[in-house]
Structure formats: structure tokens, C-alpha cells
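Step one of this worksheet: look at the structure below.
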Amino acid sequence: MATINVKLRHSGIQGKTGTIYYRISHRGKTRQIGTSMKFAPEDWLAEEQRIVPAVARTPEGRLLQHRIERDVARLRRIVRELDARQIVYEPDDIVERFRVPAACATVSDAIRREIEDLLDSNRLGTARNYRRALNSFTSFLEDGDIPLWAVTESLIDDYNDFLLRRGVMRNTISFYMRILRAVYNKAVRRYRIEQTYPFRHVYTGIDRTRKRAIDERFIAELWRLDLDGTPSLSLTRDLFIFSYCARGMAFIDMAYLQTKNIRGDEIVYTRRKTGQTLRIRIEPCMREIIARHSAAAHASYLFPVLRANEPDKAFAQYQTALNRYNQHLKKLALRLNLKESLSSYTARHSWATAARKHNIPLPVISAGMGHASERTTQIYLASLENSAVDTANRKIMTALIENVSKQETMKNLNNR
């Protein structure tokens, strides 16, 4: 089997930098492949065949070290391919193959292909997430690009360090890594690239985030809040209450609700995040909110949030509406004198917390929220009737109405 070594050719002039080259040895013969990479002798570790750590930590040194690792990985891949064919070959055969440009997609090409597929499938939110990951990784490469087969463990470790130095949160780093790993794994199958598991040492889990739930009494206070004269805040409040009453329906799913989603006494819709179909009994409070805003809704939409029917325009309107919704929720939090702000996630977390408070089993809560990605939930979903979830929701609605009634009674007593 051929051996690959990385060498520094010293300059004949004192004080001048040397040049990196690759030496291929096989069957008693050697050949060299020159590069344009130059280093001072004191910046090169000959025995370890790598740049000294201090230089390798600089932006320029890091990229050069990656280039060396990428080239060596490609040379070794060529050797393995030749060995697998069980033919007699010479070092010249390795050099010739190395000098032919690799017919393999780059990381950016692969991610862009995924983005196009997502857009074609109308998964606009996921496509946006992949674009964010692409922009982050491209920034790390200083607007450069690399072949997919050159994605090494050390490269991913350096990308992880790059994000940490920038103060990126751990969950966000994991978010980028999971996207890159998904693209890489698909490329391994599509382009028959050797699987080297470059993401094995970086975090790809999800940290538990700060609790966002508020107590039922604050939900009741929000319901009773006098918002006459502020229609934008009134709509925001009603959407928040609707989300809570609809088992924590996500804002994007509320925004895209159409009249065709109402089937008898139920709302039947597909979660945009998971693709799971959910059926929700329309409680009186939900029907009241729908009736209050249906006249102002555009075309077939249930609420006056979106206007366009074209997917790209509708998604752009959704993003604008989400930002506005969160801004208005912050104003409502101030009116309620809440210590923490409200957000589009709060209704969802609050419903789950209220359900747990009323001793509703965790599998029922998970099913009600559409957590189809959780393995435990999947086990119970097979035998769980939708009526069990509706019964759970009815308990929460009853508790909410009782809270409202108590507050009305206290208000009347105080006014006497």
C-alpha cells in the first residue's frame, strides 16, 4: 500500500520560507506533488507533519492546515480505491488522479440543493433554516467553499470553536450542526463519499430551555383585559387565547388556518413543523374568537393575518406577522405586570403546564400538542383516541372559565 507524507522543502536562502509538498511512496518508487503553501521552518513540525499549534490557531493557519488535511484525505482515498481494484499501480497513477479535479459537489452545492428541494415541497421555514446554516458555515470558511469529501472531524471541531468564540448559543450551534450532518450523510449516500463521521465530537442535542409558561390566572386576566380602541392588541390577545384553547397551536399553524379546516365541531389541520394531522374540538371560547375576526380575514383564511395565497408571499407575510405578534405580546405583558415577557411560545408552554397541573397524563399532553417526533409519544399515539385529548382540553377550558368567573366576582364585590 502506498504511503503519503507531508514535507516542507526548505529554501536555499537563509531566512526564506519553505514550501509544502506531498511525497508518495509505493513499490520502491517516490513521486512529489508541489503546493503553493509556504511556511517558515520554525512554524512546521516535521515529525508530526503539521503546522505548529500557535500558527494553526490563526485564521490563515487554520485554513492552510485544513487544506493539507483535505489533500492528504483525498490522496489516501485514491490509494484505497486503487488497492480495492487489486491491480498493479505506480505512484504516477496516484499523482495523475490527484491532479484531475474531483467531480464531487461542494458543501454549499449540497446545501443549496436541499434548499431547492425544500422550496419545491413548500417547506419554506425549513428552507430558511438551511439557508441560515449555509450562511454561518460560509462565514466560517471566509466566503470560501470545500468539497464534501473534505469535511473532516478537525474542520467541524474548528467550526464549533468558531461559533463559540462568536458567542453563539449552544442550542443554535447544535441546530447548525444537525443541518450540516443531515446534508453530509445524504451526500455520503448520493456521491458515494467515504463516511468518516466528522460530527462525532460536537454537540447535536437540545438543551432544556428556560421555562416560558405563565399561570392560568394570568391567562384569565388577559382574556378580561379591556383593549377597546387598540384593535392590533385585541387581535394579538385573541390569537394568544385561541392558541391556548387550541392545545397550544403554533402561531404559524394559526396564521395558515382556513375555513376549510373547520369540519363540523372540529378544526382539522396539519402541523407545518412535523406534518402530523391534528383534530381539535372547537370550544366555545375558540368559536367566539373565530366569529369576532372572520369578517376581517382575507379570502379563505380564518384570521386576518395573511392575505396572499402564493406560498412565498404568504410565508413572507407570516414572518412579518410573527415579529409584530411578539412585539404586541410584550406590550400585553407590561399591561399584566408580568415579570417575564410573553412570546408566541408562551401559550403552548402554558397549556402544557396547565395540563400537567390538572394531572393529565404526559402521553395525552404530548399527543395533544402534536409531538410526533418523540418516541414515547409515538408508542401511545397508536392506541390513543382523539376524544381523550379533547377531554383533557375540556378540563383546562373549564379551569380557565372558573378563573375568569372568580375574577369577575371579585371585581363586582370591590365595586360595591
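Structural remarks
- Meets criteria (surrounded by fewer than 19 Cβ atoms within 10 Å (Cβ to Cβ), over 30 Å from PRO231 (Cα atoms) and at pLDDT below 80) for GLN407: no
- Counted residues, the stretch 98-153 - those being without any contact (Cβ under 8 Å) to a residue 40 or more places away in the chain and among the hydroxyl-bearing types (Ser, Thr, Tyr): 5
- All positions within the stretch 4-24 that are open to solvent by less than 30 Å² (accessible area, probe 1.4 Å) and touching a residue at least 40 places away in the same chain (Cβ under 8 Å): ILE4, VAL6, ILE20, TYR22, ILE24
- The stretch 336-350 - residue that is touching a Lys or Arg at 6+ places or on another chain (Cβ under 6 Å) and part of a helix (DSSP H, G or I) and, of those, surrounded by the fewest Cβ atoms within 10 Å (Cβ to Cβ): HIS349
- Some residue of the stretch 162-183 being surrounded by 14 or more Cβ atoms within 10 Å (Cβ to Cβ), small (Gly, Ala, Ser) and modelled with pLDDT under 90: no
- Residue match in the stretch 261-282 (condition: under 18 Å from PRO304 (Cα atoms) and assigned to a helix (DSSP H, G or I)): yes
- Residue ID - surrounded by the most Cβ atoms within 10 Å (Cβ to Cβ), chosen from residues in the stretch 283-299 that are free of Cβ contacts under 8 Å to residues at least 40 places away in the same chain and assigned to a loop (DSSP other than H, G, I, E, B): ALA297
- Only residues that are assigned to a loop (DSSP other than H, G, I, E, B) and either aliphatic (A, V, I, L, M) or over 30 Å from ARG80 (Cβ atoms) (or both) were counted in the stretch 153-198, giving 5.
- Residue among PRO59, PRO91 that alone is open to solvent by less than 60 Å² (accessible area, probe 1.4 Å) and in contact (Cβ under 8 Å) with a residue 40 or more places away in the chain: PRO91
- Filter result (surrounded by 13 or more Cβ atoms within 10 Å (Cβ to Cβ) and without any contact (Cβ under 8 Å) to a residue 40 or more places away in the chain) within the stretch 33-44: THR35, MET37, LYS38, PHE39, ALA40, PRO41, ASP43, TRP44
- Every condition in (1) open to solvent by less than 40 Å² (accessible area, probe 1.4 Å); (2) in contact (Cβ under 8 Å) with a residue 60 or more places away in the chain; (3) in a loop (DSSP other than H, G, I, E, B) is met by VAL202 except one, and the failing one is (2).
- Of the criteria (1) in contact with a strand residue (DSSP E or B) (Cβ under 9 Å, 6 or more places away or on another chain); (2) assigned to a loop (DSSP other than H, G, I, E, B); (3) not small (Gly, Ala, Ser), which one ASP253 fails: (2)
- Condition check for ASP238 on (1) modelled with pLDDT under 95; (2) open to solvent by less than 80 Å² (accessible area, probe 1.4 Å); (3) closer than 30 Å to LEU302 by Cα; (4) among the acidic types (Asp, Glu): one failure, at (1).
- For the stretch 307-318, the count of residues that are without any contact (Cβ under 8 Å) to a residue 24 or more places away in the chain, within 28 Å of ALA392 (Cα to Cα), among the charged types (D, E, K, R) and part of a loop (DSSP other than H, G, I, E, B) is zero.
- Filter result (farther than 20 Å from LEU257 by Cα, of a type in the set (Lys, Arg) and in contact (Cβ under 8 Å) with a residue 60 or more places away in the chain) within the stretch 319-354: LYS331, ARG335
A quick yes/no check of all residues on (1) aliphatic (A, V, I, L, M); (2) in contact with a strand residue (DSSP E or B) (Cβ under 7 Å, 6 or more places away or on another chain); (3) farther than 27 Å from PHE140 by Cα:
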residue: ILE20; (1), (2), (3): yes, yes, no
residue: ARG62; (1), (2), (3): no, no, no
residue: VAL72; (1), (2), (3): yes, yes, no
residue: TYR89; (1), (2), (3): no, no, yes
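- Of the candidates ARG67, ARG74, the single residue that is open to solvent by 60 Å² or more (accessible area, probe 1.4 Å), touching a residue at least 24 places away in the same chain (Cβ under 8 Å) and among the charged types (D, E, K, R) is ARG67.
- Verdict on ALA333 being farther than 20 Å from MET397 by Cβ, modelled with pLDDT of 75 or more, buried (at least 19 other Cβ atoms within 10 Å of the Cβ) and more than 27 Å from the chain's Cα centre (by Cα): yes
- Test for ARG62: is it assigned to a helix (DSSP H, G or I), charged (D, E, K, R) and under 31 Å from the mean Cα position of the chain (by Cα): yes
The values are calculated or read from the model by the stated rules, or taken from the named source; none is laboratory data. What you see is a predicted model, and the numbers here were worked out from it, not measured in a lab. No Cβ is skipped: glycine too gets one built from the backbone with ideal geometry, and neighbour counts run over all protein chains shown. Calculation scope for accessible area: heavy atoms of the full protein, side chains included, ligands and nucleic acids excluded. Shrake-Rupley method; radii C 1.70, N 1.55, O 1.52, S 1.80 Å.
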